[in-house]
1. In terms of solvent-accessible area of protein heavy atoms at a 1.4 angstrom probe, what is the ranking of 58, 174, 148, 196, highest value first?
2. With all protein chains present, calculate the accessible area of residue 104 using a 1.4 Å probe and round the result to the nearest 10 Å².
3. Placing +1 at every Lys and Arg Cβ and -1 at every Asp and Glu Cβ, with all other atoms neutral, what dipole size does segment 70-219 have around its Cα centre, in debye to the nearest 20?
4. Considering only Cα-Cα distances, which of the following residue pairs are longer than 27 Å: 63/168; 68/175; 111/178; 84/111; 137/198; 111/175?
5. Kindly report, to the nearest 10 Å², the accessible surface of residue 209 as traced by a 1.4 Å probe over protein heavy atoms only.
6. Of the options 164, 214, 71, report the single residue whose Cα projects farthest towards the positive end of the charge dipole of segment 70-219 (beta-carbon charges: Lys, Arg +1; Asp, Glu -1).
7. Hey, any idea what % of segment 70-219's accessible area is carbon plus sulfur with a 1.4 Å probe?
8. Once ligands and nucleic acids are excluded and a 1.4 Å probe is used, how much of residue 176 is accessible, expressed in Å² to the nearest 10?
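The values are calculated or read from the model by the stated rules, or taken from the named source; none is laboratory data. Because the structure is a prediction, the values reported are computed rather than measured. We place every Cβ from the backbone using ideal geometry, glycine too, and count neighbours over all the protein chains shown. Keep in mind that these areas ignore ligands, DNA and RNA; they rest on the heavy atoms of the full protein, side chains included. Shrake-Rupley method; radii C 1.70, N 1.55, O 1.52, S 1.80 Å.
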Amino acid sequence: MNRRPALLAVAALTTAAALSLSACGGGDGDSKGDDKIEGAGSQASEKPSPSASAAGDRADRPKVDMPKGVSNVFEGGATGDAKKDAVLDDNARNLDVIDVAITVGGKSSQKALKFYNKDKALIATASYIQGYYDDGKSYVGATRYYDRQVTLHGSDEASLTYCADATKTYPKDRKTGKVNRSIPASADDYTFFNERLKKNADGVWQSVDVLSETGAKKCM
């Protein structure tokens, strides 16, 4: 059993998954017609994070507060290339945003998800988050990201590959709050990601396409 299901390959998504961007989740009086994504957590605000000013651009990155008991560990330090480091930083922020949406729920991190994702990646991410809610599941624990490799394609496009280790995460029943810690680690807990990003006018590296491979031997 996979503790954390992999992000869906975009090629496998259906029209129904694309519609989840507007069909899922509850709105409020000041939604102003924005699309709703189920699980977009209130922990991700529109205020710039403490690290936003260090990015060297004009974007006000959303502040992301991970809930207690949930964390992401990103291995590897600075590459020495400012552009590659910027790609890695925005990718890490995006992964945090996605996990807040899964584990906290609510409405306001919808904007944070759209801040870091667009096109096929936004559709895939929305479907991935919705899957947790459809199953009545969340998770606790730490996810490890490693072997993060950036390739730049000109000044505003990049590809990024990385591995995820979910062996230290545990499924949580969203209704009862019960955590299942009895699941043994397996090959399915290791996932390989291949992501394409583009830098927008504000200098944010947004994910535009992402594929994943569960049980990837290259990550074990």
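1. 58, 196, 174, 148
2. 50
3. On the way: 22 positive and 21 negative charges, 99 e Å.
Charge dipole of segment 70-219: 480 debye, to the nearest 20.
4. The answer is 111/178; 137/198.
5. 30
6. The Cα lying farthest towards the positive end belongs to 71.
7. On the way: 3130 of 6550 Å².
Solvent-exposed carbon and sulfur of segment 70-219 make up 48 percent of the total.
8. Residue 176 has an accessible surface of roughly 100 Å² with all protein chains in place.
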